[in-house]
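The values are calculated or read from the model by the stated rules, or taken from the named source; none is laboratory data. Quick caveat, the model's predicted, so the values are computed rather than measured. Backbone-built Cβ (ideal geometry, glycine too); neighbour counts: all protein chains shown.
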Amino acid sequence: MIDMHVHILPGVDDGAKNVQMAHDMAGRAADAGITFIVATPHVYRAEDQQRNRGSLRIARSIAHEFGLGLNMGCEFNYRAFHDVSLQAMNAFCLSGTRCILIEFSSSELMPRWDAVLSELMDAGYLPIIAHPERYAYIQRDLGIASEMRDLGCELQVDACGLMAPMMSAERRTARKLVKEGMAAYIASDAHRPEDYDDFEKAQKIFRGEWPRNNRLTDALRAQKKERANDGQ
Ligand SMILES: [Fe+2]
């Protein structure tokens, strides 16, 4: 199983504070049945990704200790659209695919969001919207999430959103997105080892509805096949 949204790189953002914490997170991920992690540190400006890459080698060797694969991605904040050209967007994709994880504002729907996402898709990228359940405008109107899907984007729900406090808009929205089959991914969005508690609880509750078919999985399978063919 893939966890495609994890803040495991030690010391780079609000995720793993140090190597020990990254180690503990990898252990919890392995216990939860995860076999491959995409490290998704925050990117608010273009240069953030260069800083993030410095910790990749360390995180990868930690993951290997637990038999986990690990590759680089990022959580691309909408504010960074001003800073990165379409051509340069490749550096921010998940694990060498054309999938890109995008975080929007939690309070205000980005102006021209549909035009920006369409431009990305026209350039061959596959936008995945990070935790739509957190966005107030989607909590109020799930139709916006449907529009994002209709446009060609995929939606990623956080396990901690599914396990958010009872009666919260975040929990209600996350659960609806999964139950109605609108979510293509459930990810941990783990920032610390304990965040895998929610991931494991969500796995139990949503076992039958856990999304398995999505573009990232397809792209990673294709990559693997290509590598195997190259090795022949
Ligand atoms: Fe995140």
**Report entry** Every pair of residues 6+ apart whose Cβ atoms lie under 8 Å, when the first sits in the range 181-192 and is in contact (Cβ under 8 Å) with a residue 40 or more places away in the chain while the second is within 9 Å of the ligand (Cβ to nearest atom) and acidic (Asp, Glu)
**Finding:** ALA187/ASP158; SER188/ASP158; ASP189/ASP158; HIS191/ASP14
Report task. Filter the range 79-117 down to residues that are more than 16 Å from the ligand (Cβ to nearest atom) and among the hydroxyl-bearing types (Ser, Thr, Tyr) and give me whichever is nearest to THR173 (Cα to Cα). Result -> SER107
Query raised in the report: So PHE76 clears everything in (1) of a type outside the set (Ser, Thr, Tyr); (2) within 16 Å of the ligand (Cβ to nearest atom); (3) more than 12 Å from ILE100 (Cβ to Cβ) except one condition, right? Which one?
Result: (3)
Query raised in the report: Among the residues of the range 1-21, which ones are of a type in the set (A, V, I, L, M, F, W, C) and either within 15 Å of the ligand (Cβ to nearest atom) or within 17 Å of the chain's Cα centre (by Cα) (or both)?
Result: MET1, ILE2, MET4, VAL6, ILE8, LEU9, VAL12, ALA16
Requested in this report: Considering only residues that are surrounded by 20 or more Cβ atoms within 10 Å (Cβ to Cβ) and at pLDDT 95 or above, look in the range 39-59 and name the one that is nearest to LEU109 (Cα to Cα).
Outcome: VAL43
Report summary line: Listed by first then second residue, the pairs whose first member lies in the range 118-144 and is closer than 21 Å to CYS99 by Cα and away from the ligand (no atom under 16 Å from the Cβ), whose partner is at pLDDT 95 or above and in a loop (DSSP other than H, G, I, E, B), with beta carbons under 6 Å and at least 6 positions apart or on separate chains, are MET121/GLY152; GLY124/ARG98; TYR125/ARG98; LEU126/ARG98
Report task. Have a look at SER85, SER95 and point out the one that is assigned to a loop (DSSP other than H, G, I, E, B) and under 30 Å from LYS17 (Cβ atoms). Result -> SER95
Query - Unmet requirement for ALA29, which otherwise passes all of (1) within 16 Å of the ligand (Cβ to nearest atom); (2) farther than 24 Å from ALA202 by Cα; (3) outside any strand (DSSP E or B) - result: (2)
